[in-house]
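Each value in this text was obtained by applying a stated rule to the coordinates, not by laboratory testing. Owing to the predicted nature of the structure, the values given are computational and were not obtained by experimental measurement. Using ideal geometry, Cβ is built from the backbone for each residue, glycine included, and neighbour counts are taken over all protein chains shown.
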Amino acid sequence: MNILLISPEFPDTFWSMKHALKFVGKRALLPPLGLLTVAAMLPPEWSIRLVDTNVRRLTKKDLAWADYAFIGAMIVQRESARKIIALCKESGLPVVAGGPLFTGDHEQFPAVDHFVLNEAELTLPVFLKDLAKGNAQRTYASGQFADLRQTPLPKWELLDIKRYSGMSVQFSRGCPFQCDFCNITALLGHKVRTKTSRQIITELDALYELGWRDEVFFVDDNFIGNKAFLKADLLPALIEWRRGKKGLLFYTEASINLADDKPLMGLMVEAGFNRVFVGIETPDEECLAECGKQQNRNRSLVEDVKCIQRMGLEVMAGFIVGFDHDRPTVFQRQMDFIQHSGIVTAMVGMLQAVPGTRLHERLTKEGRLHGGSSGNNVDGTTNIIPIMSLNALRDGYKKILQHIYAPEPFYQRVRTFLREYKPPQRRARFRFSHLLAFARSSFRFGIVSRSRVHYWKLLVWTQFKHPRLISEAISLAICGYHYRKICKQQVI
């Protein structure tokens, strides 16, 4: 059996980093971890190929070779997934589909032959067993949650790893919190399930043996969902594993209560973590109560951010406007918060209601939904009818993006961050991509750009005040270029 694994293309979004990747000669930010894991669950005698359309085209030869196409996708990949499904059907190729896009909305894809939904560790073996008997059903789903200790090592060897700027591993699934707009708990539950430390070390060993020395993203829903296990097991294992090795820094996602635990942050930094994405959403207490974001309430969020930064972790963060309790002042409050906190990478989106969430259920009952969620965090769309007028919401949203990614406030925010950031002394590993990034950014921002004065002021200031952070300054300047492009294309 010849199996073609296909990852649809991501559109040009906030997290695609397409404009930034050009500076380091890469095609995509991360590989399709889900499909690589599915590949490891297929019968060993089958022939498997991967086509990630983010790094290369899907060809007629690919389709002609295959007996089945397996497509895995997120919501934001919807349009590309539709096109790929159509190409497969034109070629007479049966399609098997799974992932968040299809788990939440599979009835919208009538051309798909088989849906393998929820967690593949549970549903894929049943499908494969039926397929072998010749009586495969159309839909496989499960209300149970998988034991990640049974999850196999992803088939990294299917990748052309040089095309990616980062790799990804998954340690845990599930989140102990219950934010009403988030579908993580609907998909993966409240109980935090983990792999063993040995599994994670084996995955990192495999990447290291393939020559990978750059960043690795721990794609957990909330990395600190089980703090005790992290402190006693995984982080000490990572610290030991990294001894004597070159490169490999980690980043992940966590809740803001990370700031309450300095010993945990210290272990994370020692283990090689240097960035963390945090869902802040809003500085408004009423809105936090409205959306069930209890872990963010009754605390100084700006000080929490600065605490995490001082421990050596850059804070990337998500923000939302469009809550029922939002007032016209929320837009300025969001801008002020982002600037004062020094959060350089600030993803600001309009509230969207995703199927499977408590928000979606509530707004459906209230008759306040129109259309589906785009899955794109920064495209200036919403599928809810807000309490605030839609025009006021859109205008205020645009005002935020126009401000925070304009050159002057953006570069000011980089300096605010670098003043607080206290990473450990690590021996820098020179790579050609670093030189390429500096050369291209110096030309693009330092010569061609109208904001060249801000760029050179940042580099000169960093060189004098924080010389060992010069690479971070250049990297953030490149990221800012991508964010400005996205804001102009999508909403401004």
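Kirkwood Rh over alpha-carbon pairs of the range 141-283, then Stokes-Einstein at 20 °C and 1.002 mPa s: what D in µm² s⁻¹, rounded to an integer? It comes out at roughly 134 µm²/s. Pairs of Cα atoms nearer than 8 Å and 6+ residues apart set the relative contact order; for the range 164-265 it is 32 percent. Here the Karplus relation 6.51 cos²θ - 1.76 cosθ + 1.60, evaluated at θ = phi - 60°, turns the backbone of the range 328-334 into coupling constants of x, 6, 4, 5, 5, 4, 5 Hz, with x for every Gly and Pro. For Ile48, the residues whose modelled amide H falls within less than 5 Å of its own, excluding neighbours fewer than 5 places apart on the same chain, are Ile3. All other residues whose Cβ lies under 13 angstrom from that of Met347 are scored, Lys and Arg at +1 and Asp and Glu at -1, for a net of -3.
Using a 4.7 Å Cβ-Cβ cutoff, the cysteines of the chain lacking any partner cysteine are Cys88, Cys175, Cys287, Cys291, Cys307, Cys479, Cys487. For the chain, what percent of Cα pairs sit more than 33 Å apart? Taking all Cα-Cα pairs of the chain, the fraction more than 33 Å apart is 39 percent. 3J(HN,Hα) along the range 253-258, derived from phi through the Karplus expression 6.51 cos²θ - 1.76 cosθ + 1.60 where θ = phi - 60°, amounts to 10, 7, 8, 5, 5, 3 Hz, with x in place of Gly and Pro. Our Cα-only numbers for the range 67-122 put the radius of gyration and Dmax at 10.4, 31 Å.
For the chain, a simple Cβ point-charge model (Lys and Arg +1, Asp and Glu -1, everything else neutral) yields a dipole of about 2000 debye relative to the Cα centre. Ordering Ser341, Ser197, Pro110 by the projection of their Cα atoms onto the charge dipole of the chain, which places +1 on the Cβ of Lys and Arg and -1 on the Cβ of Asp and Glu, puts Ser341 at the extreme positive end. Within the range 432-490, the proportion of Cα pairs with more than 18 Å between them is 33 percent. Kirkwood-type hydrodynamic radius, the range 19-151: 15.8 Å, calculated from all non-identical alpha-carbon pairs.
Charge tally for Cys291 (other residues, Cβ to Cβ under 13 Å; Lys, Arg +1; Asp, Glu -1): -4. For the range 283-359, the Kirkwood hydrodynamic radius from C-alpha pairs, put into Stokes-Einstein at 25 °C and a viscosity of 0.890 mPa s, yields a diffusion coefficient of 182 µm² per second.
By the Cα gyration tensor, the range 50-98 has an equivalent ellipsoid whose semi-axes, rounded to whole angstrom, run 17, 12, 10 from largest to smallest. Karplus-based coupling profile of the range 108-121, in residue order and whole Hz: 7, 10, x, 7, 6, 7, 9, 9, 10, 9, 6, 8, 4, 4, with θ = phi - 60° in 6.51 cos²θ - 1.76 cosθ + 1.60 and x standing for Gly or Pro. Here's the list of lysines a cross-link from Lys133 could span, going by alpha-carbon distance under 27 Å and ignoring same-chain residues fewer than 8 apart: Lys89, Lys155. Find the all-direction average of the projected area of the Cα convex hull for the range 148-420, expressing the result in square nanometres with one decimal place. Orientation-averaged projected area of the Cα hull: 15.1 nm². Count the DSSP beta bridges whose two residues both fall in the chain, then state the antiparallel fraction as a percent rounded to the nearest 5. Taking every DSSP beta bridge with both residues in the chain, the antiparallel ones total about 5 percent. Each Lys or Arg adds one and each Asp or Glu takes one away; over the other residues whose Cβ falls under 13 Å from the Cβ of Lys485, this sums to +4. Do any of Lys262/Lys293; Lys18/Lys488; Lys293/Lys365; Lys83/Lys162; Lys245/Lys465 go past 25 Å between their Cα atoms, and which? Result: Lys83/Lys162; Lys245/Lys465 exceed 25 Å. For Val378, the residues whose modelled amide H falls within less than 5 Å of its own, excluding neighbours fewer than 5 places apart on the same chain, are Phe14. The magnitude of the dipole of the range 432-490, with charges of +1 and -1 set on the Cβ of Lys/Arg and Asp/Glu and taken from the Cα centre, is near 220 debye.
Compared with the dominant principal axis of the Cα atoms in the chain, helix 432-443 is inclined by about 50°. Amide H contacts under 5 Å for Ala353: Asn383, Ile384, restricted to partners 5 or more places along the chain or on a different chain, H placed in the peptide plane at 1.01 Å from N.
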